[in-house]
Amino acid sequence: MKDKLVIFDTTLRDGEQSPGASMNREEKVRIAKALERLRVDVIEAGFPAASPGDFEAVQAIAATIEESGVCGLARALDSDIDRAGEALKAAKRPRIHTFIATSPIHMQHKLRMNAEQVVERAVAAVTRARKYTDDVEFSPEDAGRSEEDFLCRIIEAVIAAGATTINIPDTVGYSLPHEFGALIGRLRERISNSDKAVFSVHCHNDLGLAVANSLSAVLSGARQVECTINGLGERAGNAALEEVVMALRTRQDAFPCEVTVNAREIVPCSKLVSSITGFPVQPNKAIVGANAFAHESGIHQDGVLKSRETYEIMRAEDVGWSANRMVLGKHSGRNAFRTRMRELGVEFESEEMLNEVFARFKQLADKKHEIFDEDLQALISEQIFEAEAERVRLISLHVCADTGEIPRAHVVLKVDGVEKTGDAEGSGVVDATFKAIEAQLKTGTTLLLYSVNNITSGTDSQGEVTVRLEKGGRVVNGQGADTDIVIASAKAYVNAVNKLLSPVRRKHPQAADV
């Protein structure tokens, strides 16, 4: 029998460190439920010490998830570990993931600690984490630039202290596949008690090699891969879960291990993460991109029609592209709506919330003939956002774009309960709309990104708009959806502004606090 490869998903932790990709508690729980349907082995739910909101999100996920393990990240600090242990108290399969930097440059300049102090701190952290759970993971941060002899020393010490998973991160995405795989092999050979722990890898994609490095490590004995949906993550992102999983599935001839992921949930999970974070998937993205199974070349089309295997190494339906879905419409009733929402992992907290979302569904059904899962996800995202204590709300929007005339916009907002109106001209109706909103709010933000994508196909599709704003070094994404793209744009801008106005600030896990 082949070994099992543990799939450790860190979309909710490392993925959230993408600029502007922060999620609220309800959004995180929705993604965690989707990951459970995907049957990932471990969900890294967050960094509980980062903020009260992060703690509450990890706590909510721990209380919700039944099958997958739930993990909380903690620096090698007593306060971090205690916070993680408290957040994971309700988890069926809790794991604490603790780490400390081990490269000379990090120890000297960030931690200001010598090698002896770092080993002592790492052992103390693992020992403390074992008081909360038997499942403890340890990572030597910046392992790729650490001295190998020191890596062996600290890893041997933490395994002896009770660490059951040893994660080797390529923190800055510098490694090459042959180098990284060889490192994993040498560590397993040199560390006397390496057989007492599962070796894991966490690769970043700065050189576009995260998946290649991860798979090379698997061939050298790693039995856990840390990855994210759509490759989301800090800087250039992490190893993409969908690529790692399908590489293992497709090339079983090459790998001595297998995964138990439900691959048919890959595409639905990808779309949900994209919708919530506002990070669209590029069309030519492997596995989950819109063109991943499209064939333009006449030669390719002819070959696929004669025999699929000529140009397709996977079936689109095996990753969820053509799975049967219940399509709702204007005649669909409340029960069908509630049932489909439940199948998508959405449970309404009250009949009042159900009624509000159902009313929005009916309004949308009057605008477009068929309502798909992606439309439903957008509806619930909008409802969750409005249920929060937002300070700004879009009341109405009127735009004018006559040929040969300067586009104009008239916006009505409610700001802290007070109605305000604004007018502006712009180079287009979206530009005029943003200027009209900004004229009332005077936020002083900089627009970094404006992106439009269709949620489903057809001319009546909802448009999904992502707006990225920056102010004082803080970056946020806002999302909005509507069959009218200008209204969707206004919703996205207001959504982003509300996030900027929120006082919540999070610690970064790699920030030194010693």
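The values are calculated or read from the model by the stated rules, or taken from the named source; none is laboratory data. Given the structure is predicted, the values throughout are model-derived calculations rather than measurements. Neighbour counts run over all protein chains shown; Cβ positions are idealised from the backbone, glycine included.
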Hits in the stretch 201-223 - residues which are touching a residue at least 60 places away in the same chain (Cβ under 8 Å) and within 19 Å of the chain's Cα centre (by Cα): His202
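Can you find a residue in the stretch 161-168 that is more than 27 Å from the chain's Cα centre (by Cα), farther than 21 Å from Glu234 by Cβ and assigned by TED's automatic domain parsing to the domain that holds Ser79? Outline the logic, then answer.
Here is the first cut: in the stretch 161-168, the residues more than 27 Å from the chain's Cα centre (by Cα) are 161-162.
Okay, now just the ones that are also farther than 21 Å from Glu234 by Cβ, so 161-162.
With the extra rule that they be assigned by TED's automatic domain parsing to the domain that holds Ser79, the set shrinks to 161-162.
Scanning the stretch 161-168 turns up at least one residue that is more than 27 Å from the chain's Cα centre (by Cα), farther than 21 Å from Glu234 by Cβ and assigned by TED's automatic domain parsing to the domain that holds Ser79.
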Strands (runs of 3 or more DSSP E) lying entirely in the stretch 385-482 (those with 2 or more residues that are among the small types (Gly, Ala, Ser) and crowded, with 19+ Cβ neighbours inside 10 Å): 474-482
Residues (in contact with a Phe, Trp or Tyr (Cβ under 6 Å, 6 or more places away or on another chain) and under 19 Å from Asp134 (Cα atoms)) located in the stretch 49-80: Leu73
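Quick one: which of Arg325, Arg340, Arg360, Arg391 is among the charged types (D, E, K, R) and either in the same structural domain as Ala488 (by TED's automatic domain parsing) or modelled with pLDDT of 85 or more (or both)? First the steps, then the outcome.
Working: Arg325 fails: either in the same structural domain as Ala488 (by TED's automatic domain parsing) or modelled with pLDDT of 85 or more (or both); Arg340 fails: either in the same structural domain as Ala488 (by TED's automatic domain parsing) or modelled with pLDDT of 85 or more (or both); Arg360 fails: either in the same structural domain as Ala488 (by TED's automatic domain parsing) or modelled with pLDDT of 85 or more (or both).
Being among the charged types (D, E, K, R) and either in the same structural domain as Ala488 (by TED's automatic domain parsing) or modelled with pLDDT of 85 or more (or both) holds for just one of Arg325, Arg340, Arg360, Arg391, which is Arg391.
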Breaking point among (1) touching a residue at least 12 places away in the same chain (Cβ under 8 Å); (2) charged (D, E, K, R); (3) part of a helix (DSSP H, G or I), for Glu120: (1)
Residue match in the stretch 184-200 (condition: without any contact (Cβ under 8 Å) to a residue 12 or more places away in the chain, charged (D, E, K, R) and surrounded by fewer than 18 Cβ atoms within 10 Å (Cβ to Cβ)): yes
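Restricting to the stretch 134-152, what's the tally of residues that are of a type in the set (A, V, I, L, M) and at pLDDT below 95? Give the steps one after another, and end with the answer.
Start the filter on the stretch 134-152 by keeping residues that are of a type in the set (A, V, I, L, M), which leaves 136, 143, 151.
Then drop every residue that is not at pLDDT below 95, which leaves 143.
Qualifying residue count, the stretch 134-152: 1.
Every residue in the stretch 219-270 that is acidic (Asp, Glu), out of contact with any helix residue (DSSP H, G or I) (no Cβ under 7 Å at 6 or more places or on another chain) and outside any loop (DSSP other than H, G, I, E, B), please. Steps first, answer last, please.
Just the residues of the stretch 219-270 that are acidic (Asp, Glu), to begin with: 226, 234, 242-243, 253, 258, 265.
Filter again for out of contact with any helix residue (DSSP H, G or I) (no Cβ under 7 Å at 6 or more places or on another chain), leaving 226, 253.
Glu226 - this is the single residue of the stretch 219-270 that is acidic (Asp, Glu), out of contact with any helix residue (DSSP H, G or I) (no Cβ under 7 Å at 6 or more places or on another chain) and outside any loop (DSSP other than H, G, I, E, B).
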Filtered residue count, the stretch 199-217, keeping only those that are under 20 Å from Ala163 (Cβ atoms) and assigned to a helix (DSSP H, G or I): 1
Residues of the stretch 330-355 satisfying the condition of being in a loop (DSSP other than H, G, I, E, B) and under 29 Å from the mean Cα position of the chain (by Cα): Leu344, Gly345, Val346, Glu347, Phe348, Glu349, Ser350
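Quick grid of which residues meet (1) of a type in the set (Gly, Ala, Ser); (2) surrounded by fewer than 23 Cβ atoms within 10 Å (Cβ to Cβ); (3) not in a helix (DSSP H, G or I):
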position	(1), (2), (3)
Leu12	no, no, yes
Glu16	no, no, no
Glu26	no, yes, no
Lys33	no, yes, no
Val40	no, no, yes
Residue match in the stretch 43-60 (condition: closer than 23 Å to Lys471 by Cα, in contact with a helix residue (DSSP H, G or I) (Cβ under 9 Å, 6 or more places away or on another chain) and surrounded by fewer than 20 Cβ atoms within 10 Å (Cβ to Cβ)): yes
Among the residues listed as Ala210, Ala236, Ala240, the single one being under 20 Å from Thr11 (Cα atoms) and surrounded by fewer than 22 Cβ atoms within 10 Å (Cβ to Cβ): Ala236
